[in-house]
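Computed from the coordinates by the stated procedures, all read-outs in this text should not be read as laboratory data. Since we're looking at a predicted model, the values are computed, not measured. As a convention, Cβ positions derive from the backbone with ideal geometry for all residues, glycine included, and neighbour counts pool all protein chains shown.
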Amino acid sequence: MFNNSLARQLDIVFRQLRNELSQLSSGTVFIQIRNNIIGKFGIRHLPLETKDGKLVKQPVTGLSPQQQISFLRMAIDSLDYKSAWTHGEMFLDFSVRQSNLCASVQFESNYNMAHLPPADK
């Protein structure tokens with residue numbers, strides 16, 4: 001992944017997550033970026049739901065292939081809002097409501113004091 005653009009790296013991430021996304025109707029895709037290179041990524045989700053203290057088995061209705069393409073497109077388009085930072089995280093929340101994909105993105109930029117120039121006195 002070292003020579004690929006972030007958009008291409010996102011495409012690779014979504015290909016790796018394809019099977020898992022097809023089984024989930026909601027969750028958060030998290031992506032850690034260091035030096036504009038994606039390292040760790042995955043999905044946070046709540047796999048179990050209870051009602052009145054009893055486990056409710058939900059039928060598996062995850063993201064369709066078309067919804068996954070739309071989700072990836074949104075993630076790539078959101079890179080236009082990532083500016084002037086090379087280290088951080090992306091959080092891509094998604095849910096399927098009445099067969100429609102709802103998604104949002106949150107960025108977190110990270111900085112390290114050890115890499116900053118010394119402050120003027």
Problem set entry | For LEU24, residues with placed amide H under 5 Å, excluding near neighbours | GLY62, LEU63
Problem set entry | Added length on full extension, which subtracts the Cα-Cα distance from 0.36 nm per residue, ARG97 to GLN32 | 20.7 nm
Exercise. In segment 57-103, if every C-alpha pair distance is counted and binned at 5 Å from zero, what percent goes to each bin?
Worked result: 5, 17, 26, 19, 13, 10, 6, 3, 1
Problem set entry | Structure-based [θ]222 nm, the chain - -39500 (n - 2.57) summed over DSSP H runs of at least 4, per residue, nearest 500 | -8000 deg cm²/dmol
For this session: Please list 22-35, 86-99, 44-57 highest first by mean number of surrounding beta-carbon atoms within 10 Å per residue.
Result: 22-35, 86-99, 44-57
Problem set entry | Point-to-point label distance, SER70-LYS82, nm (Cα→Cβ direction, 7 Å offset) | 2.3 nm
Problem set entry | Surface/4 of the Cα convex hull for segment 27-121, nm² | 9.7 nm²
Exercise. So if R0 is 35 Å, what FRET efficiency would ASN19 and ALA119 give, r being the distance between their Cβ atoms, rounded to the nearest 0.05?
Worked result: 0.10
Exercise. Projected onto the charge dipole of the chain (+1 at Lys/Arg Cβ, -1 at Asp/Glu Cβ, origin at the Cα centre), which of ASN35, ALA114, LEU10 gives the Cα projection farthest towards the positive end?
Worked result: LEU10
